[in-house]
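See below for the structure under consideration.
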Amino acid sequence: MSGHEVILRLALPTPLRRQFDYLPPQDVDYKSLTPGIRVRVPFQSRTLTGILTSIEKNSDVPYEKLKSALEILDENPILPDDVYKLCQWAAEYYHYSLGEVFACALPVLLRRGKPAATKKTLKETAECLGAPLQLNAAQQKAVQAITESRQAFRIFLLDGVTGSGKTEVYLQSIAEIIAQGGQVLVLVPEISLTPQTIERFRRRFPVPVAALHSSLSEQDRLQAWIAARSGEAKIVIGTRSAIFTPFANLGLIIVDEEHDTSFKQQDRFRYHARDLAIMRASFNLIPIVLGSATPSLESLLNVKKQRYEYLSLPQRAGEAMLPQYQIIDLRQTPAEDGLSNALIQTMREHLEQGNQVMLFLNRRGFAPVLYCTQCAWIAECKRCDARMVYHRSPARLQCHHCDAHSKIPERCAHCHEAALQPVGLGTQRLEESLAKHFPDVPVIRVDRDNTRRKGAMQNLLDQIHSQNKAILLGTQMLAKGHHFPHVTLVGIVDADNGLFSADFRAAEQMGQLLMQVAGRAGRAEKPGTVMIQTRYPDHPLLRTLVNEGYHVFAQTLLTEREQAVLPPFSYFAIFRAEAYAEENANQFLNVIRQMCPESTEASLLGPVPALLARRKGLHCQHLLVKTNKRSVLQNILKSILSKLDSLSVNHSVKWVLDVDPVEV
């Protein structure tokens, strides 16, 4: 093959599900080019950095119309074989452009063409201060099963009640992998969990531990990425995008809180990091541990089908006991500003004993509604089908969907009377109420509004751990994975949100969240109590959860899902379309519906408006494709997309395909 016959086939970061052909730059020896290197090329009016996928002799584009690449950026492939293969699999399964997937797998600086090198090294490792803890029999069994399979692909579901010592199982399993010269990837669902997890790992292991999450600077992310690829970083802890981190010798993957929906990317390339982690483990023939106190229904079904190996930690570690539950019927015991007399009295008893109390309310702001008492007008977002949330500090109305802000009006926009009143309960209002009832007790509020600044979350956590007597108040940010040894009482202010929802997954997520919140109580030697305020104390799912535990609750939901042929007993994909004119989105999805091949194994629902039918001024419509077999769903999607690619799409419509959606 002469240089004049060489054609570079590239995957570029564009939504187009195809690859692009270019001529090599002048004075470049094509024999030195290897698939996987980055190449800078002209594309329309821009310059893009793509990944070379192959060197070809022929192109569908006439030779004289091919443009020349501008620059070869790497001598060797930028991604190792397993990450390259993972990107190819993900692009095919989720039906996204390979170039977009490659871009997601690279740090921003590498996407921009910066060199894949750094002069910096990772921070010095912390002095090793924790020693391994004594394991109980269940923990020992789990560690043994994981470490004995370190050179084989096996999927373990580590199902441990809150406070059962799952992290200690992780740590002792990791120690074995590192002793054998391997590296470990630990995925966590929330950025807020990353600093404390990193600190605990650094105090246990005298090896470099790297972090990868969106709060880091781009340079720090690149530094950690390179340290993992070179083998310097023995442990990498990160959120979902860390699944694409390259390693020199990956030996184990751990997905903590595997049930958490934060592992699903909800915009652009919509992948599920847990599922990609399983595929990556299979490519590398290494074990993967999925850990949770409230496993997803998908994982529990996979255990039942013997696809996953089940490891159980049924008891709390050490002397800690599981908390006792009490249900407060708000129909019989009214609550003032969210607090019933029974909850207030119990809080006072625990605080007088020098303990901490944690209150959970998954609604930030002061009040969800600003209401006119004269004409019943409600402040609504002009761009979304949503109400503006009343915030008192700082004072504003804010839409929690499009982030629109406005001043708090003095008079009603409809009747012009000065009769506006905030209605409902948010964390800010509850904080104000707590200050009245407990003026001498510090109230530490943790929600998105007061954790936006860098380091704010860690400062709040430090404050929590420095106070013996305090009231912790927060949203789900406070509920996940944190260890608060002084908390002996957890109050769930409003347990009703997940009991009635159009989303069939809402009950599962409600149960998981309530169990996670409840698990913050009594994690040390002191007994814990959980008080749940509800207007539906006799709801069968709530009763099952409290009286019989999460597993009976989950089995009840699995039975319901099987009878209704809903996931995980069927497979979903959703075409989501948005347009400023509702009829354009509707018409586009109807075209897709007509493209769907006839099949007795598939059904379609829609187009129908999304639950939030208008967001940021755009009308949102959904078309759901449902099948009983994953392979059937994939074939239908391929057929639809191949036809759609050949059509001229209405550019006023934005659309995306979501395979295995977690929000329906």
Inset, instruction - Restricting attention to helices (runs of 4 or more DSSP H) lying wholly within segment 257-373, give those where 2 or more residues are under 24 Å from the mean Cα position of the chain (by Cα) and under 30 Å from Leu133 (Cβ atoms). - result: 273-284, 297-304
Inset, instruction - Please work out which one of (1) crowded, with 23+ Cβ neighbours inside 10 Å; (2) modelled with pLDDT under 95 is the condition Ile243 fails and give its number. - result: (2)
Inset, instruction - Considering every residue within segment 232-240, establish whether at least one is under 12 Å from the mean Cα position of the chain (by Cα), among the charged types (D, E, K, R) and either assigned by TED's automatic domain parsing to the domain that holds Gln151 or under 14 Å from Pro189 (Cα atoms) (or both). - result: yes
Legend entry - Single residue of Ser173, Ser192 found to be farther than 25 Å from Glu148 by Cα and part of a helix (DSSP H, G or I): Ser192
Legend entry - Any hit, segment 485-507, residues being surrounded by 17 or more Cβ atoms within 10 Å (Cβ to Cβ), modelled with pLDDT of 90 or more and of a type in the set (S, T, N, Q): yes
Inset, instruction - Mind counting the residues in segment 188-204 that are among the basic types (Lys, Arg) and crowded, with 20+ Cβ neighbours inside 10 Å? - result: 2
Inset, instruction - Scan segment 412-434 and give yes if some residue there is of a type in the set (Val, Ile, Thr), closer than 20 Å to Arg615 by Cα and surrounded by 14 or more Cβ atoms within 10 Å (Cβ to Cβ), otherwise no. - result: no
Inset, instruction - For residues that are aliphatic (A, V, I, L, M) and surrounded by fewer than 16 Cβ atoms within 10 Å (Cβ to Cβ), tally how many sit in segment 520-549. - result: 0
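Do we have Asp337 as on the phi > 0 side of the Ramachandran plot and not assigned by TED's automatic domain parsing to the domain that holds Asp82 here?
yes
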Inset, instruction - Mind listing whichever residues of segment 205-217 are under 20 Å from Pro189 (Cα atoms) and either more than 20 Å from the chain's Cα centre (by Cα) or surrounded by fewer than 18 Cβ atoms within 10 Å (Cβ to Cβ) (or both)? - result: Val209, Ser214, Ser215, Ser217
Legend entry - Candidates Ala518, Ala456 - the one that is of a type in the set (Gly, Ala, Ser) and in contact (Cβ under 8 Å) with a residue 24 or more places away in the chain: Ala518
Inset, instruction - Considering only residues that are within 10 Å of Leu425 (Cα to Cα) and not aromatic (Phe, Trp, Tyr), look in segment 363-395 and name the one that is surrounded by the fewest Cβ atoms within 10 Å (Cβ to Cβ). - result: Val369
Inset, instruction - Please tell me if Ile286 is within 20 Å of Pro107 (Cβ to Cβ) and either in contact with a Lys or Arg (Cβ under 9 Å, 6 or more places away or on another chain) or of a type in the set (Asp, Glu) (or both). - result: no
Inset, instruction - Search segment 550-577 for residues that are buried (at least 20 other Cβ atoms within 10 Å of the Cβ) and pair each with any residue that is aromatic (Phe, Trp, Tyr) and part of a strand (DSSP E or B) when their beta-carbon atoms are under 9 Å apart and the residues are at least 6 apart or on different chains. - result: Phe575/Trp655; Ala577/Trp655
Legend entry - His482 over 20 Å from Ala395 (Cα atoms), touching a residue at least 12 places away in the same chain (Cβ under 8 Å) and outside the structural domain of Gln512 (by TED's automatic domain parsing): no
Inset, instruction - Scan segment 339-355 for residues that are closer than 25 Å to Ser466 by Cα and either surrounded by 13 or more Cβ atoms within 10 Å (Cβ to Cβ) or touching a residue at least 24 places away in the same chain (Cβ under 8 Å) (or both) and jot them down. - result: Leu343, Ile344, Thr346, Met347, Arg348, Glu349, His350, Leu351, Gln353, Gly354, Asn355
Inset, instruction - Take Ser192 and decide whether it is small (Gly, Ala, Ser) and touching a His at 6+ places or on another chain (Cβ under 9 Å). - result: yes
Legend entry - Candidate set: segment 20-42, residues that are under 12 Å from Ile55 (Cα atoms) and among the polar types (S, T, N, Q); chosen: the one farthest from the chain's Cα centre (by Cα): Ser32
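Could you list, in sequence order, all residues of segment 400-433 that are part of a loop (DSSP other than H, G, I, E, B) and of a type in the set (Gly, Ala, Ser)?
Ala404, Ala413, Ala418, Ala419, Gly424, Gly426
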Legend entry - So Arg200, is it of a type in the set (D, E, K, R), out of contact with any strand residue (DSSP E or B) (no Cβ under 6 Å at 6 or more places or on another chain), over 23 Å from Asn284 (Cβ atoms) and not assigned by TED's automatic domain parsing to the domain that holds Asp81: yes
Legend entry - Test: Pro206 is modelled with pLDDT under 95 and either within 30 Å of His551 (Cβ to Cβ) or in a loop (DSSP other than H, G, I, E, B) (or both): yes
Inset, instruction - With respect to Leu185, determine if the residue is assigned by TED's automatic domain parsing to the domain that holds Thr245, touching a Lys or Arg at 6+ places or on another chain (Cβ under 8 Å), surrounded by 22 or more Cβ atoms within 10 Å (Cβ to Cβ) and hydrophobic (A, V, I, L, M, F, W, C). - result: no
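The values are calculated or read from the model by the stated rules, or taken from the named source; none is laboratory data. A quick note: this is a predicted structure, and the numbers were derived from the prediction, not measured. Cβ coordinates were reconstructed from backbone atoms using ideal geometry, including for glycine residues, and neighbour counts include every protein chain displayed.
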